[in-house]
Every structure is written in structure tokens, then in C-alpha cells.
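Accompanying notes for the structure given below.
The values are calculated or read from the model by the stated rules, or taken from the named source; none is laboratory data. Since the model is a prediction, treat every value here as computed from it, not as a measurement. Note: ideal-geometry Cβ built from the backbone for every residue, glycine included; neighbour counts use all protein chains shown.
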């Protein structure tokens, strides 16, 4: 019995240690930062290359430029434009847990601008920043869009799942 429990220990520890990375990290993504007056505004996103038709998570953050202290805000007004055309505009309430963000899928390739205006609880503007974005056409092979990509997170998750499943099957087999 002790041997079977020791088989479960390693996959369990790997899962516990790796879960925060999956939940909070932007290990493969990008970030850009702008200083506007006394504030610094940061935009982070998961994709290495922004592509048409692929959902992209954008996270927003603002701090004091001189000391990196978080700036309290209650919402962010986000606008995405392509040339003079507004593609998206809407408010996002500040997240109670984690970063405040938005997931968006771009409809076509080209140059866009994402504007973020941080507001206090009365709707008064604290700071606003605009970020240029270049959206690439999704790769096409044999007339089909290729969505399957290698991801170290997926590989590790499958690997841990296989080990945990094997260990659990041994544990159950020996109990019976």
C-alpha cells in the first residue's frame, strides 16, 4: 500500500507545483508598456503573433510610473479600431481575482489600435493609453486553417495525466 501511495506522490506534486504557472503566467506571450504622465499602463497578451480568427486574451494593468505602486480603478473602457472604424467598444469591470482582461477574436488581418481608459468608481478617467496591434492572416495549408500547435503546457498536462492514471490503475488493481 505504501508503494502505491508513493507512485501517486510525484504526479500530484508536479500538478500542484505546475498549476499556478498555467493559471497566472504569460510564459509565451508578450507585453507592452506606456508611460503617460505619472502612470504606467501595461498590456499583456498570450499569443506570440496575433492572428485572424484566434481568440486572444488581453490583460490590463496600471501602476504609478515612479514607484510601480498599483493604481486603484473600478473599470476599463476598451476600444479597438481599424483605421477610422470602431470594431469593438465596451467596459470591463475590475476583476476581484487575478488581472482584469478581455478575450477578443479579430475578424480580419491588418493594423488595429487598442485603447484602454482606466476609470474610478465615478466613471472619471484616471489614465488612457493606446497600443498599436498588427494582426496577421492565419496560416493556411491545403485550404484549411491550421489550429493545432505544439504547446509545452498541453504536453506536460497529458504526461502528468498519463502517469497519474497509470499509478491510480496500479493502486486500484492491487487493492482488489
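Scanning the stretch 75-105 for residues that are part of a loop (DSSP other than H, G, I, E, B) and within 21 Å of the chain's Cα centre (by Cα), we see that the one that is nearest to residue 34 (Cα to Cα) is 99.
Looking at the structure I just gave you, is residue 78 under 19 Å from residue 133 (Cα atoms) and either in contact (Cβ under 8 Å) with a residue 40 or more places away in the chain or in contact with a strand residue (DSSP E or B) (Cβ under 8 Å, 6 or more places away or on another chain) (or both)?
Details: under 19 Å from residue 133 (Cα atoms): yes; either in contact (Cβ under 8 Å) with a residue 40 or more places away in the chain or in contact with a strand residue (DSSP E or B) (Cβ under 8 Å, 6 or more places away or on another chain) (or both): yes.
When the stated conditions are applied, residue 78 passes them.
Any residue in the stretch 109-117 that is farther than 20 Å from residue 135 by Cβ, in contact with a strand residue (DSSP E or B) (Cβ under 8 Å, 6 or more places away or on another chain) and free of Cβ contacts under 8 Å to residues at least 40 places away in the same chain?
No - not one qualifying residue is present in the stretch 109-117.
Among the residues of the stretch 106-155, the ones that are outside any strand (DSSP E or B) and at pLDDT 75 or above come to 12 in all.
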